[in-house]
Structure formats: C-alpha cells, structure tokens
Amino acid sequence: MHAPTSPRRAQKKSRKAFWLKQLHMWHWMSSAVSLIGLLLFAITGFTLNHAADIEGRPVVAERTVQLPAALLREIAAGPTEGKARLPHPVVAWVERTLPVRASAEAEWSADEVYLPAPRPGGDAWVAIDRASGAVTAEVTDRGWISYLNDLHKGRNSGSAWSLFIDVFAGACLIFALTGLLLLQLHAAKRKSTWPLVASGLVIPAALAIIFIH
C-alpha cells in the first residue's frame, strides 16, 4: 500500500501542477502568435547573411506626368526652402497617379519640390517643377528577397509594421522565458538540459571573442 500523502506535499504538488499548466498555456500561445514571424525572420536572417550572393538586379521605372492646374496653385503657395509635407490634395493625387507613398516630408526650393519615397525592397522619388507642373517619378524595385530583408530590418516599413515587430518581439520574449521555466521544471529528469542551454551562450560568445575584431 502507498503511504498517505501529507497535506503539505499535496499542496506543493498542486501548486507545481498549476504553474506547469500555466507555463504550457503561455508557451504554446506565444509560439502560435510568433510562429510565422519566427519563420520569416529565420529565413531572412539567412538571406541577409548571404545578401551579396543572392540579391536580385534592381529594376528602375521612370514616369512623367502633369500636375493639374488647381494642384499647381497649391504647390506655388508652399514654402520656397526647407522641408514640409505636401498639401493633402497633392498627396492624394500623387498616390493615386503614381506607385509611391507621398506622406513623407518633401524638400522645397524655389524651383522644385523633391519628395523622397523609400520603400521596403526598393526606392522611389518624385520631383515637381513649380513653374510648369511637370512631375517626374522614379521607382526602383530590388525584388522580393530585398523586400523581405527590409521587413526584417524594419527599413522604411511604416508605423504599422513597427508596431507588429514590437508585438512579435514581446511574443518571442514570452515564448523564450516560459520555455526556460519549463526547462527548469523538467531539468531534473533531463541531465543534458543546462549544458545545452549553456552552449547556446558559450558558442556565440566564443565566436564573437575569437573571430570578430
């Protein structure tokens, strides 16, 4: 017959079961939220590390259009130097007419308004002649790999993507910390746990100290 379990031992076992259940729940929830992001960042980590070998050839497209007279008057009323955003009607027209985002600050001079419009995986700019209303645009596309690499770095990706990276980083942090606590709970039955965890620190640290100067 088994000896009766003491109340203190039963309470300890119940508490451990509760925390184990909580850790498993948070671990799988955070892993589900961060799974696709982890795959994306793992793949683009590889492509970034070999960017010189697999980077595509840029495709440059140029286009010239005419700014409507009513909008040209909006441009004429703008500053003659410094940086400022385009008037809202001009922004709407540019984004409707050309494949660029026009929400960034433009560089104003007496003769021209120059709008840089960088984007993930490419670049773009728009120049508006303040006298004639001629609009020249150039769009550079460096391909999907460059696009995904820029998403990895958060380069020219906007505030929505920046917010996603913050949420994704939080989910990864929860995933890692709950994983560490689960390792601690199971480490007594798995002797290789802490040597493997330590190797994840020692190996990159040793590579950095020995080979990176």
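The values are calculated or read from the model by the stated rules, or taken from the named source; none is laboratory data. Small disclaimer: the values here were computed from a predicted structure and weren't measured. Because the Cβ atoms are built from the backbone with ideal geometry, glycine has one as well, and the counts that use them run over all protein chains shown.
Observations, loosely collected:
- So Leu182, is it among the hydrophobic types (A, V, I, L, M, F, W, C) and under 19 Å from the mean Cα position of the chain (by Cα): no
- Hits in the range 33-82 (condition: β-branched (Val, Ile, Thr) and either outside any loop (DSSP other than H, G, I, E, B) or at pLDDT 95 or above (or both)): Val33, Ile36, Ile43, Thr44, Thr47, Ile54, Val59, Val60, Thr64, Val65, Ile75
- Odd one out for Leu182, checked against (1) out of contact with any His (no Cβ under 7 Å at 6 or more places or on another chain); (2) more than 30 Å from Tyr114 (Cβ to Cβ): (1)
- Hits in the range 125-181 - residues which are under 21 Å from Ile54 (Cα atoms), small (Gly, Ala, Ser) and out of contact with any Gly (no Cβ under 6 Å at 6 or more places or on another chain): Gly154
- For first residues located in the range 69-85 and under 12 Å from Ala110 (Cβ atoms), partners that are loosely packed, with under 10 Cβ neighbours inside 10 Å and lie 6+ apart or on another chain with Cβ distances below 8 Å form the pairs Thr80/Ala110; Glu81/Ala110.
- Qualifying residues in the range 83-116 (those that are among the small types (Gly, Ala, Ser), modelled with pLDDT under 95 and surrounded by 15 or more Cβ atoms within 10 Å (Cβ to Cβ)) - the one nearest to Asn156 (Cα to Cα): Ala104
- Candidate set from the range 2-52 (those that are surrounded by fewer than 14 Cβ atoms within 10 Å (Cβ to Cβ) and of a type in the set (Ser, Thr, Tyr)); member that is nearest to Leu173 (Cα to Cα): Ser14
- Index of the failed condition, Ala17 passing every other in (1) in the same structural domain as Gly154 (by TED's automatic domain parsing); (2) within 33 Å of the chain's Cα centre (by Cα): (2)
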